[in-house]
Amino acid sequence: MLMKEILKRDRNLRSKMEEEGICAFLIADNINQLYLTNFIGASLLLVPNEGESVLYVPSVNYEDAKENALNCKVTRLEGGRSFISVTAEFVKNSGIENLAFDRLEASQYRILTSKLGDVSLVPKKEIISEMRAVKDEYEIACMRRAAEITKAGFEAAVEAVKPGVTEIEVAAEMEYAMRKEGSHGVAFDTIVASGKRSAFPHGGCRNKKIVKGDLVVLDFGVKFENYMSDITRTLVVGNPTNKQREVYEVVRAAQEEAFKIMRSGIKGCDVDRVARKIIEEAGYGENFVHGLGHGVGLEIHEPPTLNQRNTDPLRNGNVVTDEPGVYIVNFGGVRIEDTVLIREDEAEKLTLSPYIFSV
């Protein structure tokens, strides 16, 4: 299945290159290389408009690439050959008029420009970003499995969150449970932020001990075959106060109403607006300090975005997060998040852990 999808991606890229008159594409971004070849750890990938793509790999990763890279010629990068020299040699030998690229450091761009002479060096990162934003069936299957694995992490958290236990200890139990369930690693550093620290959207986890009455934000995800999941649940230790329950119910309503309108064709800003309106009408608008969501895939943050500025419509096959939050300094925060697959007429939640509040 993977090889079939890799070939489709290659055809799609070459079709877009033809449409835009691109002679060859320099893929310098490691994640884009992974997307196109199933291998991460190369120095560069060169895709001509005709002929075989060439993946240049340092010696330390050469045998790995020979075994695992798909739909490309694997070439060892040795003998002092650099990223710049390989690219310049390729351009000279191919007689091309232009070379597109996805990402270059400023110094690389300057040196390449000077070496390529009349050959144009053209930034075209958006071509691959737009391709990656729409997931194929292999990617969706991997992300569905990554989402399933997070259920084990949440179950472990519910058992572990209690007075006297540190945030780091909770995170350790979560990550261990997900590894046993088949995780290939965490998608990002697990967040277990309790008490006043739960008001920090990216609070990480510390040696702080959880105490009775704390709000505890759990934001976590895993990798499966390089694809990621992302989920957040918020717990309260013991019986919630009236204000804690109020904030939780506002955020939960905002998340669910946004989910209900998600489908292909809906603008990212319109989905954000639905959630934001509910939170604003409850009096917490200034405490919702980020966009509603972001794309997920080979990276934990990638297009498309769900925020007030994005007027692009969602597309069938996008995978995004739905994660409203309210963060009140010296009180605490609540965020609820699911990874969501966009389809033509509706959306599907890939993360299915229950919305437990009190533990």
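Restricting attention to segment 76-97, the residues that are surrounded by fewer than 18 Cβ atoms within 10 Å (Cβ to Cβ) and either of a type in the set (S, T, N, Q) or closer than 30 Å to residue 320 by Cβ (or both) add up to 4.
Entry remark, segment 299-348: residues being at positive phi and buried (at least 17 other Cβ atoms within 10 Å of the Cβ) number 2 in total. If the condition is being part of a strand (DSSP E or B) and within 21 Å of the chain's Cα centre (by Cα), then segment 315-327 contributes 319, 320, 321, 322, 325. All conditions but one from (1) β-branched (Val, Ile, Thr); (2) farther than 20 Å from residue 10 by Cβ; (3) assigned by TED's automatic domain parsing to the domain that holds residue 35 apply to residue 149; the one that does not is (3). If you go through segment 328-349 and pick out every residue that is more than 15 Å from residue 292 (Cβ to Cβ) and outside any strand (DSSP E or B), you end up with 7. Whenever a residue of segment 200-228 is among the small types (Gly, Ala, Ser), its partners that are in a loop (DSSP other than H, G, I, E, B), lying with C-beta atoms within less than 6 angstrom and at least six residues away or across chains, give the pairs 213/238; 221/187; 221/229; 221/230. Checking each residue in segment 183-218 for being buried (at least 17 other Cβ atoms within 10 Å of the Cβ), touching a helix residue (DSSP H, G or I) at 6+ places or on another chain (Cβ under 8 Å) and part of a loop (DSSP other than H, G, I, E, B) picks out 183, 187, 190, 203, 205, 208, 210, 214. Taken over segment 1-22, the residue count meeting the criterion of being of a type in the set (A, V, I, L, M) and either over 24 Å from the mean Cα position of the chain (by Cα) or loosely packed, with under 12 Cβ neighbours inside 10 Å (or both) is 4.
Scanning segment 29-56 for residues that are assigned to a strand (DSSP E or B) and in contact with a helix residue (DSSP H, G or I) (Cβ under 7 Å, 6 or more places away or on another chain), which turns out surrounded by the fewest Cβ atoms within 10 Å (Cβ to Cβ)? Filtering first and then ranking leaves 48. Pairing each residue of segment 144-155 that is among the hydroxyl-bearing types (Ser, Thr, Tyr) with any residue that is part of a helix (DSSP H, G or I) and surrounded by 22 or more Cβ atoms within 10 Å (Cβ to Cβ), provided the two are 6+ apart or on different chains, yields C-beta distances under 7 Å for 150/178. For segment 63-73, the criterion of being touching a residue at least 40 places away in the same chain (Cβ under 8 Å), outside any helix (DSSP H, G or I), surrounded by 15 or more Cβ atoms within 10 Å (Cβ to Cβ) and touching a strand residue (DSSP E or B) at 6+ places or on another chain (Cβ under 8 Å) is met by none of the residues.
Scanning segment 229-265 for residues that are in contact (Cβ under 8 Å) with a residue 24 or more places away in the chain, of a type in the set (S, T, N, Q) and surrounded by fewer than 16 Cβ atoms within 10 Å (Cβ to Cβ) yields 239, 241.
The values are calculated or read from the model by the stated rules, or taken from the named source; none is laboratory data. Since the model is a prediction, treat every value here as computed from it, not as a measurement. Note that we place each Cβ from the backbone using ideal geometry, even for glycine, and neighbour counts take in every protein chain shown.
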